[in-house]
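Since the structure comes first, as C-alpha cells, the remarks are kept for the end.
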C-alpha cells in the first residue's frame with residue numbers, strides 16, 4: 001500500500017474494548033468507554049403468573065408474533081423456555097384454526 005500504515009477492518013487483535021475491556025480504563029476524566037448496563041429480560045408469563053397460554057387469546061399471542069407471522073425467539077422478549085414452548089404450541093393451534101396467519105401476504 002505504498003508505505004501507508006492505515007488498516008481497514010480489524011487488525012490482528014480485537015481493539016474494540018468491548019465487554020472484556022478493563023473497567024478502570026478512563027476513570028473520572030471521561031476518556032474511557034462507557035458501558036451500557038442491559039436489564040435482564042423477564043418472562044411476561046411468569047411475571048403475570050399465567051400458567052396456561054390460551055390459543056384463543058389472540059391479543060396476548062399476537063404480541064409475540066410480528067406481521068410476517070414468524071414466532072419470535074426467546075432472546076427477543078425474554079420468555080422462559082417453558083413458556084416459549086407453550087407459546088409456540090398456542091400459536092400453532094391458533095394458526096391451524098385460522099386465528100393467526102401462517103405467513104404475511
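Some notes on this structure:
- Remark: 42, 65, 91 ranked as 42, 65, 91, counting other beta-carbon atoms within 10 Å and listing the fewest first.
- Counting every other Cβ atom within 10 Å of each residue's Cβ, 85, 75 order from fewest to most as 75, 85.
- Sites residue 93 and residue 40 - FRET efficiency at Förster radius 22 Å, r taken between beta-carbons, to 0.05: 0.15
- Restricting the calculation to Cα atoms, every distinct pair contributes to the Kirkwood radius of segment 44-96, found to be 11.1 Å.
Read-outs throughout are calculated quantities, based only on the coordinates presented, and are distinct from any laboratory measurement. Given the structure is predicted, the values throughout are model-derived calculations rather than measurements. All Cβ positions, glycine included, derive from the backbone under ideal geometry; neighbour counts span all protein chains shown.
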